[in-house]
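The values are calculated or read from the model by the stated rules, or taken from the named source; none is laboratory data. Source: prediction; values computed, not measured. Neighbour counts are summed over all protein chains in view; Cβ atoms, including those assigned to glycine, are modelled from backbone coordinates with ideal geometry. Surface accessibility is based on the protein's heavy atoms, side chains included, excluding ligands, DNA and RNA. Shrake-Rupley method; radii C 1.70, N 1.55, O 1.52, S 1.80 Å.
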Amino acid sequence: MLAACFPAPHSYTGDDLVEISTHGGLIAPAAALAALVAAGARLAEPGEFTRRAVLNGKMDLLQAEATADLIDAGSPAQRRRALHQLERGLSDRLAALRSEILELEALIAYDIDFPEEDEGPISPDRVRRAWDVVRARVADLLKTAPEGERLREGALLVIAGRPNAGKSSLFNALLGSERAIVTEIPGTTRDAIEAHAVIEGFPFRLVDTAGLRDSDERIERLGIEVSRKYLAAADLVLFCEEREDPARGAFLAQVDAPVVVVRTKADLTGEGVSAVTGKGVPELRRQLAEVAFGRLLALGDVEPVVTRARHRAALQRSLEELDGFWSARESGVDAAAAATHLRAAVAALDDLIGAITPADVLDRVFAAFCVGK
C-alpha cells in the first residue's frame, strides 16, 4: 500500500488530501476501504471531489462538466472536445465576451452620468459597432449548440427505406458487427434496433428500422410505427434504396432531419454502396460525419463549442438581453435603464461559468458523476 499526501491548496480539490494506492484486484481495495470507514471516514458522494475543487476555486463549473465528459467520452471527438473545455477553451471565450459587454456599458457611462447632455464624447456609431461585435460573437457561439449537444449525446442516425432495401446489411457494415438479422425475406426486421458506433471519430446512435410499406400484418405495422417515431426524432436519416425509389420524394417531404440517400447492393447492381464487399462504405462514413457534424469539422479543435442544454439556455438569455439593450436604446429609453440589460447579459454568462451558482444547480451537475470523482 502507498499513501501520498497533498497539502492544501496544492491538491485536486484544494483541500488537504491523501491518496491511498493498494494492490489490484477486488479484495485489497475493499479491505482498505472498510478499514477507513471503520476508522470514521465516509464514502464520497457522486462528484464530491470535483465539486470541492469548484467550491475552492481550483476550476470553474465548465471545467467540472468537462471532467465528467472526459470520463464518459466514447469517441475521439468527444475526448478532444472535453479536453479543450477542461483547458479553459470555453471559459476563456466566455470571459472575453463578458469583458466586451462590460466595455460596452463603459461606452455609455457618460450618458448615464450626464443624461441631460445631447451629445457625449462617445458617438452613437461607436456604441453600435461595439454592440454589433459582441452580439455576433455570442450568436456565433450559440450556433454551435445543436452539433455540440449532438456530439455529447451521439447523433441519432436512423436507417430507413422499403423492406429488403439493404438497411440491416448497411447497419451491420457501419457498426462493424453482425447485430441485425439479414435475410432476403422482406419484413425480416420487425422492431427498431439501436446500437452505438464511432464513425470518423464521431459518436453515432445507429437505428435499423422496419421497412416502410403498407402492411396487413399487425406485428409489422407496430414495427413501422416505431420506425416513424424514430424518424421524427432523428438527427440524420440514411435512406436506402436498391434502385431509384418512386416513393422517395414523398418520404423526404415527411422528414425534417437531413437525409442522405444511398444506393445499396452495389455487389449486385454495380453502383452505390455494398455492405458485402465494402465498396463505397468509407466514403459513406465520411459523408455521414460531414452532414451530422459539419460545423464542428469546420471549427476544428481550436474554437470552443457549447455542449449542454444549460450552456445553450444561458447564452440564449445573454443574447436576448443584448437585443433588449439595443431595443431600449432605439426606443429612447434612458441609458441607465438600458444598461440593466447589459448587466443581465453579464449575469447570464456568470451563471454559465459558475461564478455564482445555486446549490441546486451544483446538485444537478454533479449527480451525473461517478462515485467520488
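Data overview
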quantity: Residues that are touching a strand residue (DSSP E or B) at 6+ places or on another chain (Cβ under 8 Å) and open to solvent by 30 Å² or more (accessible area, probe 1.4 Å), drawn from the range 154-176; calculated: ARG162, LEU175, GLY176
quantity: Residue list for the range 321-348, restricted to those being of a type outside the set (Gly, Ala, Ser) and open to solvent by less than 40 Å² (accessible area, probe 1.4 Å); calculated: LEU322, PHE325, TRP326, LEU342, VAL346
quantity: Helices (runs of 4 or more DSSP H) wholly inside the range 1-108 containing at least 2 residues that are open to solvent by 70 Å² or more (accessible area, probe 1.4 Å) and among the hydrophobic types (A, V, I, L, M, F, W, C); calculated: 27-38, 48-55
quantity: Odd one out for ARG179 among (1) of a type outside the set (Asp, Glu); (2) at pLDDT below 90; (3) outside any loop (DSSP other than H, G, I, E, B); calculated: (3)
quantity: 1 or more residues under 30 Å from ASP351 (Cα atoms): qualifying helices (runs of 4 or more DSSP H) within the range 241-314; calculated: 281-299
quantity: Residue count, the range 21-55 (criterion: farther than 26 Å from ALA367 by Cβ and under 38 Å from the mean Cα position of the chain (by Cα)); calculated: 6
quantity: Candidates LEU238, LEU212 - the one that is out of contact with any Cys (no Cβ under 8 Å at 6 or more places or on another chain), in a strand (DSSP E or B) and either within 27 Å of ALA298 (Cβ to Cβ) or at pLDDT below 90 (or both); calculated: LEU238
quantity: Count - residues of the range 306-320 that are more than 11 Å from LEU352 (Cα to Cα), open to solvent by less than 40 Å² (accessible area, probe 1.4 Å) and of a type outside the set (S, T, N, Q); calculated: 1
quantity: Filter pass, ASP360 being at pLDDT 70 or above, among the acidic types (Asp, Glu) and surrounded by fewer than 17 Cβ atoms within 10 Å (Cβ to Cβ); calculated: no
quantity: So ASP191, is it more than 12 Å from ALA160 (Cβ to Cβ) and modelled with pLDDT of 90 or more; calculated: no
